Amino acid sequence: MVSLHSYLILSAILFSIGTIGVLTRRNAIVIFMCIEMMLNAVNLTFIALSKYLGNLDGQIFVFFVMTVAAAEAAVGLALMIAFFKNRESIDVEDLNLMKW
Amino acid sequence: METIAIPAINMSVIAPEMILSVVAMALLLINVFVKNEQKGYLGYLSIAGILVTLYSLTIGWGAPQDGFSGSVVQDNFAIFFKGIFLVSAAMSILITDQYLQREGCNQGEVYPLMLFATVGMMLMASGTDLMTIFLGLEVLSVSLYVLAGFNRGSIRSNEAGLKYFLLGAFSTGFLLYGMALTYGATGTTKVVKIAAAAQSGMVSSNLMLVAGMLLMATGFAFKVAAAPFHMWTPDVYEGAPTPITAFMSVGPKAAGFAAFLRVLLVALPVFKAEWSSLLWVLAVLTMTVGNITALYQQNIKRMLAYSSIAHAGYILVGFTAGNAVGTSGILFYMLSYAFMNIGAFAVIILVGKKGEENNNLADYAGFGYKHPALGVAMCVFLFSLAGIPPAAGFVGKFYLFSGAIQAGYIWLAIIGVLNSAASVYYYLRVMIYMYFKEPTEDFNWVRLSPAFIICLIIAIAGVMIPGVVPGTILELAQKAILM
Amino acid sequence: METLFFSIVAAIAILMSILVIRCKNPINSALSLIMTFFCLATLYVMLEAPFMAAIQVIVYAGAIMVLIVFVIMLLNIRTESGRRTQHALFLGAATGLFLLFQTWYFLSRSSLTGAKGAIDSAAIAKVGHTELIGQSLFTEFLLPFEITSILLLAAIVGAVVLAKKKV
């Protein structure tokens, strides 16, 4: 019987790896993929907690998180396409027109 | 296969959101048949919709009701904040058309998107389930990502949209993780039931709940741009189209504070000591960072962005106090902040022209003599932002700091007053440029359309009247707090 | 036996997620992420949530990742041309590791104290997971369900406005 802690630690590891990815990568699409990984780690937390708590609220929440992730993906990728049309790159180091 | 018993649906709880959503969807349809030059009419239609929604709000005042199995509630707190959102949306819509036509990105979808963002904000204010708060936040955020990047031809706008998207999605991850851990510790996502569960000693000493609270606080701090989580916010404010910046500087902050207040005051009052100390640090950092960096800005949009960070810091002072005076001060301050900020942005839009936004302070030289009425309006807004009596900003700050003193946070109030005094420098610097420097331009492109006049009159009224006679609004705010 | 299976799947998931943040080519990152999603779907099945596993594969691996791969190929993105500054790398790694240690500390010292509900394995086996979710979704969580329709509408309108050809 796998304990709840194993699932929670696994999702904490995935969440942290996602955070490291967001803060260290330069390519905007890869940053977005790391954000999706963070959201998936949260989904795992919700479903594991839902099973061990014995109610379905967590799984319904995951349902909505997936919907939100899909909506954000659509809008985020459209923003990247619009940015790319003007700048020919999606490197976040190129997001530098506005500084101090 | 048994049938599902659909519960009784209480429509009047979500009546404002429903009306506004229907108006937004109708605008999407009408947009197809409206010619490019006449998109301004969509703006007037959306304002009509907002007025109808405002009327439906006033009906519900004083009679709290909840619905949808405790997912939403329509109490005074929610109604007050919804009023703030609707007023700020209406004022932002009034100043949108001229700017977008000037920049050449006059697509009609901007109005439905602003209305959808307002619907999201309203759901955040009245949500009593973590799910409703989260979904309202996402509706707001998705609409704003698009609106920030709306001016497709401008690289700055593209950059602002992309930065806002990445930052917003990142912070949503933190907020969600906090909600997950809170759910794990208490077994429910309804705010009232979280409070009930957290009262019991076993749960309140559960580290999972503390971790959840910290992560949720981090997520909310990102959303309201508190330091040290404000990283890309000034860039977003500078790059987005100016009416959208006006909308963004008021609405989402107010919505974030409303949701944060509800979560902290209703769900987690058992941790009051812990989150008060946390918010103390956040408030001091935010005020100081916002004010100090604003001192160095030459670009007025960026300066107002940093100043809005500082204002979020003042509101966090009210949060830290956590008592009745502080909380009613937060509500009063948010309302007056909506008027003064959008008014200031309206003047900024008027000073600019196509191809040259004239956002640097030096471009304002001598403006006060060329357009005296606009100069006086800008002075009123600047006085209010700086917290100089008799404008509403002063009354709001007075209440926030009194609340802090009453709760025993003397040093916090002192730091707040010092910061407020420091901020006078960069607000008055604009006035100095407007009145004491030689004009280098003619400013003959400034075109005061009726929409702008209405917006400026509403803004000035909203700043001066609560400043001189704050009694009515203060009473409303006191009836609206959650305690 | 179950613990062994869990360890294998978890190890693969962690390995793939590290590959996501380390691969130079974005396509490799995308493929590693798809593999992570499949590992997570397996874990959902182990947690007796087969409907969520199915949606995970259909929505995440099937729709969102396909959209991302499509955009990578549309914009013809090559490998990353440089590295971020040393400061950014160090700060990012430090923040991530700090977050990991904090959450590990908090989670090891906490326990499950919420009220235990009624849905356990027997209930799921009796009625079927999908029906249970449906009952919950359309009665208790009806309003969030309707809000998602507004969310999707706003997202569609926004995406079209941003990416369409003619202004």
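The values are calculated or read from the model by the stated rules, or taken from the named source; none is laboratory data. Predicted model only: the values in this text are computed from it and were never measured. Neighbour counts run over all protein chains shown; Cβ positions are idealised from the backbone, glycine included. Side chains included, ligands, DNA and RNA excluded: accessible areas come from the protein's heavy atoms. Shrake-Rupley method; radii C 1.70, N 1.55, O 1.52, S 1.80 Å.
Quick check on the range A:7-41: of everything there that is over 9 Å from the mean Cα position of the chain (by Cα) and closer than 19 Å to C:PHE6 by Cα, which residue is surrounded by the most Cβ atoms within 10 Å (Cβ to Cβ)? My answer is A:SER11. Tell me yes or no: at least one residue of the range B:150-171 is more than 19 Å from A:ASN55 (Cα to Cα), part of a loop (DSSP other than H, G, I, E, B) and without any contact (Cβ under 8 Å) to a residue 12 or more places away in the chain. No, that holds for no residue.
Taking B:PRO228, is it under 20 Å from the mean Cα position of the chain (by Cα), at pLDDT 90 or above and open to solvent by 10 Å² or more (accessible area, probe 1.4 Å)? Walk me through it before giving the result.
Details: under 20 Å from the mean Cα position of the chain (by Cα): yes; at pLDDT 90 or above: no; open to solvent by 10 Å² or more (accessible area, probe 1.4 Å): yes.
Spelling it out, it is not the case that B:PRO228 is under 20 Å from the mean Cα position of the chain (by Cα), at pLDDT 90 or above and open to solvent by 10 Å² or more (accessible area, probe 1.4 Å).
Looking only at residues of the range A:1-12 that are within 7 Å of another protein chain (Cβ to nearest Cβ) and in contact (Cβ under 8 Å) with a residue 24 or more places away in the chain, we find that the one that is nearest to A:PHE83 (Cα to Cα) is A:ALA12. Output the residues belonging to the range B:449-461 that are touching a helix residue (DSSP H, G or I) at 6+ places or on another chain (Cβ under 7 Å) and surrounded by fewer than 17 Cβ atoms within 10 Å (Cβ to Cβ). Hits for the range B:449-461 are B:SER449, B:ILE454. Among the residues of the range C:127-152, the ones that are without any contact (Cβ under 8 Å) to a residue 60 or more places away in the chain and open to solvent by 50 Å² or more (accessible area, probe 1.4 Å) come to 9 in all. Applying the set (1) without any contact (Cβ under 8 Å) to a residue 60 or more places away in the chain; (2) open to solvent by 10 Å² or more (accessible area, probe 1.4 Å); (3) over 15 Å from the mean Cα position of the chain (by Cα) to A:ILE47 leaves exactly one unmet item: (2). Contact annotation: residue pairs with Cβ atoms under 7 Å, 6 or more positions apart or on different chains, pairing a residue in the range B:44-59 that is more than 19 Å from B:ALA26 (Cα to Cα) with a partner that is of a type outside the set (Asp, Glu), are B:LEU57/B:PRO16; B:LEU57/B:ILE79; B:LEU57/B:LYS82; B:LEU57/B:GLY83.
Test B:TYR177 against the stated conditions and say whether it is facing chain C (nearest Cβ under 10 Å), within 23 Å of A:LEU8 (Cα to Cα) and buried (at least 24 other Cβ atoms within 10 Å of the Cβ). So B:TYR177 fits the description; yes. The condition of being of a type outside the set (Asp, Glu), in contact with a Ser or Thr (Cβ under 8 Å, 6 or more places away or on another chain) and within 22 Å of B:PHE247 (Cα to Cα) does not hold for B:LEU57.
Exactly one residue out of B:MET464, B:MET434 is of a type in the set (A, V, I, L, M), open to solvent by less than 40 Å² (accessible area, probe 1.4 Å) and assigned to a helix (DSSP H, G or I): that is B:MET434. Residues in the range C:4-54 that are charged (D, E, K, R) and in contact (Cβ under 8 Å) with a residue 12 or more places away in the chain: C:LYS24, C:GLU48. Taking the criterion of being closer than 25 Å to C:SER136 by Cα and open to solvent by 60 Å² or more (accessible area, probe 1.4 Å), the only residue of the range C:10-47 that qualifies is C:VAL45. Any residue that is modelled with pLDDT of 85 or more and on the phi > 0 side of the Ramachandran plot - is there at least one of those in the range B:380-387? There is at least one residue in the range B:380-387 that is modelled with pLDDT of 85 or more and on the phi > 0 side of the Ramachandran plot. Listed by position, the helices (runs of 4 or more DSSP H) enclosed by the range C:7-113 that each have at least 2 residues that are at pLDDT 90 or above and at the interface with chain A (Cβ under 7 Å from one of its Cβ atoms) are C:26-46, C:50-55, C:65-75.
In the range B:97-106, which residues are open to solvent by 10 Å² or more (accessible area, probe 1.4 Å), in a loop (DSSP other than H, G, I, E, B) and in contact with a helix residue (DSSP H, G or I) (Cβ under 9 Å, 6 or more places away or on another chain)?
Initially, the range B:97-106 is screened for residues open to solvent by 10 Å² or more (accessible area, probe 1.4 Å), giving B:97-98, B:101-104, B:106.
Going one step further and asking which of them are in a loop (DSSP other than H, G, I, E, B), we end up with B:104, B:106.
Answer for the range B:97-106, where residues must be open to solvent by 10 Å² or more (accessible area, probe 1.4 Å), in a loop (DSSP other than H, G, I, E, B) and in contact with a helix residue (DSSP H, G or I) (Cβ under 9 Å, 6 or more places away or on another chain): just B:ASN106.
Only one of B:ASN151, B:ASN158 is over 18 Å from the mean Cα position of the chain (by Cα), of a type in the set (S, T, N, Q) and open to solvent by less than 10 Å² (accessible area, probe 1.4 Å); which?
Details: B:ASN151 fails: open to solvent by less than 10 Å² (accessible area, probe 1.4 Å).
Going through B:ASN151, B:ASN158 in turn, the sole match is B:ASN158.
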